[in-house]
Amino acid sequence: MKLLMQALLFFTLLNSGLLMAQESEPSLDLKRLWLPKSYSQYWANLRQVAEYQLAQERCAEVIRAELDRGQSSVEAPIFAVICRDANRRTFVEKFDGVSLVSLTPLVAEAADEAIEDVAATDLQPVIYQRCRELWRADVAQMQALAWLDDIESTAVTEQAEIETDNNPETTTTVTQFTFVRRFNATDAAGNLLKYLASCTGSSLESTRTELIIRRE
């Protein structure tokens, strides 16, 4: 009887220890994963790379895991996993959506000031990094390009809270960032052209850019 009681106590303590270990591990919030319907066959792959990142020591929290639509095709998807580390810095690592191999990571450092516990704040420098990628493609053919604003600064021009859709049962509120930077360039005849580079987005997938003639 005494041996039976000791065995029961041992298994109780063992199970308690396992439960405490499981509770201490961060869990993945599936609501932070996104794929368009045309890529739904890759959902398990996206979840796998997100869980892989969360298991890494550097990634304390997965803020967002989604398709990088600008670099993807249905045959060759690219996933972007946005993480926050223990120092509340954000970074993005991209993965081949088929082989699940990590690609060259893009690091997006947050501002030096203390960061509040808000995922949208963490996304600001990440979205701005995406803006710069798109702007580089936008101005690739321009001559004598000169940025008039600090292109390295992640400062936001406008920030707004928007709803994702018009259905009250499914809509969620996200933070939309708008960045505007001034630059000059010349046309083929050497004439000076003045532009505004505008970029708006609430996620990597939704980020869009536009070049506007500047009147001043």
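Give the residues of region 174-198 that are open to solvent by 20 Å² or more (accessible area, probe 1.4 Å) and of a type in the set (A, V, I, L, M, F, W, C), sorted by residue number.
Across region 174-198, the qualifying residues are Val174, Val180, Ala188, Ala189, Leu192, Leu193, Leu196.
What number goes with the only condition from (1) open to solvent by 70 Å² or more (accessible area, probe 1.4 Å); (2) within 13 Å of the chain's Cα centre (by Cα); (3) modelled with pLDDT of 90 or more that Ala50 does not pass?
Among (1) open to solvent by 70 Å² or more (accessible area, probe 1.4 Å); (2) within 13 Å of the chain's Cα centre (by Cα); (3) modelled with pLDDT of 90 or more, Ala50 violates only (1).
Can you confirm whether region 110-124 contains a residue that is at pLDDT 90 or above, under 26 Å from Ala60 (Cβ atoms), open to solvent by less than 70 Å² (accessible area, probe 1.4 Å) and in a helix (DSSP H, G or I)?
No, region 110-124 contains no residue that is at pLDDT 90 or above, under 26 Å from Ala60 (Cβ atoms), open to solvent by less than 70 Å² (accessible area, probe 1.4 Å) and in a helix (DSSP H, G or I).
Quick one: what pairs do we get from region 172-198, first residue free of Cβ contacts under 8 Å to residues at least 12 places away in the same chain, second of a type in the set (Val, Ile, Thr), C-beta under 7 Å, 6+ apart or different chains?
Listed by first residue and then by second, the contacts come to Thr172/Thr164; Leu192/Thr186.
Quick check: anything in region 143-150 in contact (Cβ under 8 Å) with a residue 12 or more places away in the chain and of a type in the set (S, T, N, Q)?
Taking every residue of region 143-150 in turn, at least one turns out to be in contact (Cβ under 8 Å) with a residue 12 or more places away in the chain and of a type in the set (S, T, N, Q).
Anything in region 95-107 that is modelled with pLDDT of 90 or more and outside any loop (DSSP other than H, G, I, E, B)? List them, or say none.
Within region 95-107, Phe95, Asp96 qualify.
Here is a list of conditions, (1) over 30 Å from Val81 (Cα atoms); (2) basic (Lys, Arg); (3) at pLDDT 95 or above, and Arg215 meets all of them except one; can you say which number that is?
Tallying (1) over 30 Å from Val81 (Cα atoms); (2) basic (Lys, Arg); (3) at pLDDT 95 or above, Arg215 fails exactly one: (3).
Output the residues belonging to region 53-90 that are assigned to a loop (DSSP other than H, G, I, E, B) and either in contact with a helix residue (DSSP H, G or I) (Cβ under 7 Å, 6 or more places away or on another chain) or surrounded by 14 or more Cβ atoms within 10 Å (Cβ to Cβ) (or both). Show your work before the answer.
Kept after step one, since they are assigned to a loop (DSSP other than H, G, I, E, B), are these residues of region 53-90: 56-60, 68, 72-77, 85-89.
If the condition is that a residue be assigned to a loop (DSSP other than H, G, I, E, B) and either in contact with a helix residue (DSSP H, G or I) (Cβ under 7 Å, 6 or more places away or on another chain) or surrounded by 14 or more Cβ atoms within 10 Å (Cβ to Cβ) (or both), then Cys59, Ala60, Asp68, Ser72, Val74, Pro77, Asp85, Arg88, Arg89 are the ones that fit.
Can you tell me which residue is farthest from the chain's Cα centre (by Cα) among those in region 199-213 that are exposed (fewer than 15 other Cβ atoms within 10 Å of the Cβ) and among the charged types (D, E, K, R)? Reasoning before the result, please.
Let us first name the residues in region 199-213 that are exposed (fewer than 15 other Cβ atoms within 10 Å of the Cβ), namely 208, 210, 212-213.
With the extra rule that they be among the charged types (D, E, K, R), the set shrinks to 208, 210.
Values: Arg208: 14, Glu210: 21 Å.
Selected residue: Glu210.
The values are calculated or read from the model by the stated rules, or taken from the named source; none is laboratory data. All values derive from a computational prediction rather than experimental measurement. Here Cβ is always computed from backbone atoms with ideal geometry, including for glycine, and neighbour counts include all displayed protein chains. In case anyone asks, the SASA skips ligands and DNA or RNA and just uses the protein heavy atoms, side chains included. Shrake-Rupley method; radii C 1.70, N 1.55, O 1.52, S 1.80 Å.
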